[in-house]
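To start, the structure under review is shown below, and the notes come after it.
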Amino acid sequence: MIKRSFFTLSQPMLNYDLVEPDPKELESIPIPPNLILLLNEPIDSTRPPLIKKGAAVEKGEKLCLYNDSTEYTISPVTGTLTFIDTYSDDFGNTSTYLVIKNDQGQTTKTDSAIYDLKDDIASADQYLRTLPGAPPLKLLAKDDVKINTIVITCADTDLLSTTNQYVTLKFLDEVKQGAKVLKRITHVPNLCITIPEGLNIKEEFDSIKVFKTALKYPSNLPAIILKDHLNMILPAGKKPEDIGVCFISAEAVVSLGRAYKTKSADFEKILTVIGKQGTRYRVKATIGTPLHKIFKAFSILVNDQDRIIIGGPMMGFSTYTHLHPVQPDMDIVMIQGRDILPEISDYPCVNCGNCLRICPANVPVNILVRYLEADLYEEADDKYDLSSCIECGLCAYVCTAKIPLFQYIRLGKHELLKLRAEV
Ligand code: SF4
Ligand code: SF4
């Protein structure tokens, strides 16, 4: 875990960016010779996996580790599995890392597996979890979760990203088609859609309720949408689904509609890339493409100690490797050059109060962080509202002492979950 603030000389604006009225076509990244897939289940060394090094895989083939696995990934190309190993993220969570050698070359025309898709959520969940946009099908298919409202987000959640606005502007009819599919397979009674103020689209969505979201960050975060538009307060430590609401991106809705039309999966993810000088590129890349292939396409040189941030300047996380692959839910990637990274700060809090004034969840961040620094996670939650944090990152952005508050909070939440799981 890097305990340093992401905010540096090139601080982001606190208003969301609007996509240009007439955006350029996407830059297409060639399908690479090797694709990397992450499978959300660790290898169990006591059992032989179903998928083995050297195995041939088909485009659209579902890959799982064991017969009783509930997690899977889908191969985006026809090729050969050349590597399989355990992968650990920043928090030590393990999953499985697969490398697939692409035997289909540059053609996107290779037939993808045809799925027996029925008009129910269980069927969609069997094949379509890894579509571009990562539709939350696993959540929607859970028997013990009752969803009454689905919110389609055309407004991007983090600053600098315009991925979902772009999708909405360019593929509006497909957003509407996908929404119909979503309604048909889930039977969820209420469908809503968030559109950023100023996005130039015709807002006719039949029975879908339109929420106009403000450009001021963090208006597009789920907790804020619940409060501002659905008049619901997200209780501390709860997720939107705990109060019957599910969020899905515009891109996921488009992918779902296409999948039901063709009975097969799409693998081209749209993402916003922000270069070291702040230049924005909008690309289309096959899921599994290592990020360095995208950087190379735009002549972005990634040096040792530069930082690659996945997920945006306010809520993103940094990855230590440019081999990190394009993931179904990856809307934005940005690079910070090593020359503008801040020194590791261990300055103490100067009690300026900035974090308290800006926190939308009224968390006493300045005191909370002292408990987190001392690894007192239960106390941080019981007395200082750790679980009330909605993870907007604003406190870290305004901290005078440049304390990496957000990273402490995330780590604290993770450690708290672990502690409670052990009880
Ligand atoms: S990230 Fe910081 S500012 Fe945002 S809700 Fe959490 S504590 Fe408050
Ligand atoms: S913004 Fe930083 S320095 Fe100011 S009170 Fe909060 S933690 Fe302390």
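The values are calculated or read from the model by the stated rules, or taken from the named source; none is laboratory data. Remember, predicted model here, so these are calculated numbers, not experimental data. Quick reminder, even Gly has a Cβ in these numbers, built from the backbone with ideal geometry, and neighbours come from all protein chains shown.
Out of the residues in the range 394-413 meeting the condition of being more than 11 Å from Cys355 (Cβ to Cβ) and in contact with a helix residue (DSSP H, G or I) (Cβ under 9 Å, 6 or more places away or on another chain), tell me which one is farthest from ligand 2 (Cβ to nearest atom).
Out of the qualifying residues, it is Lys413.
How many residues does the range 365-378 hold that are surrounded by 15 or more Cβ atoms within 10 Å (Cβ to Cβ) and either within 8 Å of ligand 2 (Cβ to nearest atom) or in a loop (DSSP other than H, G, I, E, B) (or both)?
Total satisfying the criteria: 4.
In the range 345-361, which residues are within 13 Å of ligand 1 (Cβ to nearest atom) and at negative phi?
Those that are within 13 Å of ligand 1 (Cβ to nearest atom) and at negative phi: Asn354, Cys355, Leu356, Arg357, Ile358, Cys359, Pro360, Ala361.
Answer with yes or no whether Gly237 is modelled with pLDDT under 95 and out of contact with any helix residue (DSSP H, G or I) (no Cβ under 8 Å at 6 or more places or on another chain).
no
Got a sec? Which of Asn303, Asn351 is within 14 Å of ligand 2 (Cβ to nearest atom), in a loop (DSSP other than H, G, I, E, B), among the polar types (S, T, N, Q) and over 22 Å from Leu234 (Cα atoms)?
Asn351
Check Leu35, Leu14 and return the single one that is of a type outside the set (Lys, Arg) and at pLDDT 95 or above.
Leu35
When you go through (1) in a loop (DSSP other than H, G, I, E, B); (2) within 22 Å of Ile270 (Cα to Cα); (3) not basic (Lys, Arg) one by one for Ile51, which number turns out not to apply?
The one condition Ile51 does not meet is (2).
Go through the range 275-297 residue by residue and tally those that are without any contact (Cβ under 8 Å) to a residue 40 or more places away in the chain and in a loop (DSSP other than H, G, I, E, B).
Matching residues across the range 275-297 total 2.
Can you tell me which condition Gln104 does not meet? The list is (1) touching a Gly at 6+ places or on another chain (Cβ under 8 Å); (2) part of a loop (DSSP other than H, G, I, E, B); (3) surrounded by 21 or more Cβ atoms within 10 Å (Cβ to Cβ), and all the others hold.
(3)
Determine, yes or no, whether Pro360 is surrounded by 20 or more Cβ atoms within 10 Å (Cβ to Cβ) and either of a type in the set (D, E, K, R) or assigned to a loop (DSSP other than H, G, I, E, B) (or both).
no
Looking at Arg420, Arg338 in this structure, which one is of a type in the set (Lys, Arg), touching a strand residue (DSSP E or B) at 6+ places or on another chain (Cβ under 8 Å) and loosely packed, with under 14 Cβ neighbours inside 10 Å?
Arg338
Being within 14 Å of ligand 1 (Cβ to nearest atom), hydroxyl-bearing (Ser, Thr, Tyr) and over 18 Å from Gly316 (Cβ atoms) narrows it down to one residue among Tyr397, Tyr384; which is it?
That would be Tyr384, the only listed residue that is within 14 Å of ligand 1 (Cβ to nearest atom), hydroxyl-bearing (Ser, Thr, Tyr) and over 18 Å from Gly316 (Cβ atoms).
Is it the case that the range 325-336 has a residue that's assigned to a loop (DSSP other than H, G, I, E, B), modelled with pLDDT under 95, assigned by TED's automatic domain parsing to the domain that holds Pro135 and away from ligand 1 (no atom under 11 Å from the Cβ)?
no
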